[in-house]
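Encoded as structure tokens, the structure appears first; notes follow it.
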Amino acid sequence: MEERQRPSKQTVDRVYVVILRHLVVKTIVTQSLLKIRSTASMLIGCRRRGRQSTRLKTPSAMTVVESPEASLEGEEDAHVEEGDSEDLDVFHPTDKWKTLKSGLGVPRGFDLQTGQREVKLGEHQTLKYQIDGQRQGKENTQGPSVSAEELKKALKNIKEGVDPKTSDKEEKEALRAQFHPMDELKKDMVRLDMLKESDFQIMSRLVSQFNSSNATVEEKVKALHDLEYLVHQVDNAQNLASSGGLKLVVDALNSTDYRLQESASFVLGSALSSNPVVQVEAVESGTIQKLLMLLATPRPMSVKKRALFAVASLLRHCPLAQSHFLKLGGLQVLGDIFRASGGGALRVRIVTILYDMINEKELISQTGLDPIPDASHNERLRQYAQVSLQPLLAEQGWCSLVPELLASPEHDWKEKALRTILAMMPHCQTQYRKDYALSSSLSALQEQYQELVLTEQVLGDEDGYFGEILALLETVVLKLKQV
């Protein structure tokens, strides 16, 4: 006699799958299953070794064992009884419906039901079954895998009457405990917004840091550097002036430390640029005198560059500042810097300042500059009328100083010199005609730029930069020949 084997765990799990599908799906959907309480027991057959074709070639077989005392609510609705594959008659399905009698071995995966049970093979030898003449389905070998422990737990919950709504409610409460309500989040956002510093608060803090007696020079320089970034905005610069911070920066120009002088000049240049309110405040605070002092006395080149930047920002579009600048000898200071050796970068900046001042007055004096002249326009005309710049330029020798930039190798410097020469032509024409060095320089430059223009045209640039400079040269030469 062959040795009997106990069913494998995989086979037991498959039987539990069959039980759960029967008890869960059919019990919930069909009320008639409540009447079927004393059937559906299964017997797991042992694996047969070397049996003839009279036995079903499957890993196991099962039989129905009736249990009249079985109850849906009890612990023994159906039990699985082990059997010997040699002692079992196995049912062989065909392509026609056959009645499945009690005690016969059933192929793997068959869904046990009570009532009249019939089985046949469908297409591709798939096992189909029906109960009481109603087709129920076929074996599902592709369904998801479920462990035996999960099936037992689900079956126990159904029998104990676990309310899924209660379970869902507990899950929701646990989930809610992990997150803050929307109202609390909104309150936190409001508090964060209140903690955010405005530009005015930042500037006040930086000014306090700069004005602190315990602050080191490095800390003050850093405060000025951060302040310069903020005063580019017009409103911030005006707030700095109204709060008294601008006066502290102006006073730093008198510091004995060159680093503070340079940083303070940089802040002033940014705050004064195109800001009439701050420009007037700076004029009244004596800023021009202190800047001219930095330019007129020996200072590092970095300090003079920043100071000249502040002077240019203060004078641009501000006739009040220009008038004070001329009265305080500003042209003389600029002339001394221009004549000094080693001031090439400063020379082109000085010429640019002079050209801007001349050009502004010329533009504001032209008829129709403002479509609708108003009181402010008339006031600007009055202020610019008080700025007597051109006569002072001719008087202090600028007619001969500006042409010196034509000897520079930089095309940009030559362009600025030519534009300034044209702007000063009404008061310097007589002197220009007598300056043979200027005439020779203009002729040499004409030849140079004619060649450069030809090079541009060969490259396909008809209206290039060199063409603009050549046009300026020709205009200057033409003006000098006019009577």
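Values as computed for the structure displayed
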{"quantity": "By accessible area with a 1.4 Å probe, ligands and nucleic acids excluded, highest first: order of 217, 387", "calculated": "217, 387"}
{"quantity": "Estimated distance in nm for a label pair at residue 376 and residue 408, the labels positioned 7 Å out from Cα along Cα-to-Cβ", "calculated": "3.4"}
{"quantity": "Links that overshoot a 24 Å alpha carbon limit, given the list 304/361; 361/434; 220/305; 305/416; 434/479; 327/416", "calculated": "304/361; 361/434; 327/416"}
{"quantity": "466, 210, reordered so the largest accessible area comes first (probe 1.4 Å)", "calculated": "466, 210"}
{"quantity": "Prolate/oblate/rounded call for segment 359-479, Cα gyration tensor, a/c under 1.5 rounded", "calculated": "oblate"}
{"quantity": "Cα centroid separation, segment 431-462 to segment 258-295 (Å)", "calculated": "39"}
{"quantity": "Label-point separation in nm, residue 359 to residue 477, each point 7 Å along Cα→Cβ", "calculated": "2.4"}
{"quantity": "Extension gain from residue 458 to residue 225, taking 0.36 nm per residue of separation minus the Cα-Cα distance", "calculated": "79.1 nm"}
{"quantity": "Dipole axis of segment 410-481 (+1 Lys, Arg; -1 Asp, Glu on Cβ), positive-most option in 469, 459, 430", "calculated": "430"}
{"quantity": "Label-point separation, residue 415 to residue 443 (7 Å along Cα→Cβ), nm", "calculated": "2.7"}
{"quantity": "Derived scalar couplings ³J(HN,Hα) [segment 293-305; Karplus, 6.51 cos²θ - 1.76 cosθ + 1.60; whole Hz; x for Gly, Pro]", "calculated": "5, 5, 6, 8, 10, x, 9, x, 4, 5, 5, 5, 5"}
{"quantity": "For segment 428-440, 3J(HN,Hα) per residue [Karplus equation, 6.51 cos²θ - 1.76 cosθ + 1.60, θ = phi - 60°, Hz, x = Gly/Pro]", "calculated": "10, 4, 4, 5, 4, 5, 8, 8, 5, 5, 5, 4, 5"}
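The values are calculated or read from the model by the stated rules, or taken from the named source; none is laboratory data. Predicted, not measured: the structure shown is a model, and the values here were computed from it. All Cβ positions, glycine included, derive from the backbone under ideal geometry; neighbour counts span all protein chains shown. Only protein heavy atoms, including side chains, enter the accessible area calculation; ligands, DNA and RNA are left aside. Shrake-Rupley method; radii C 1.70, N 1.55, O 1.52, S 1.80 Å.
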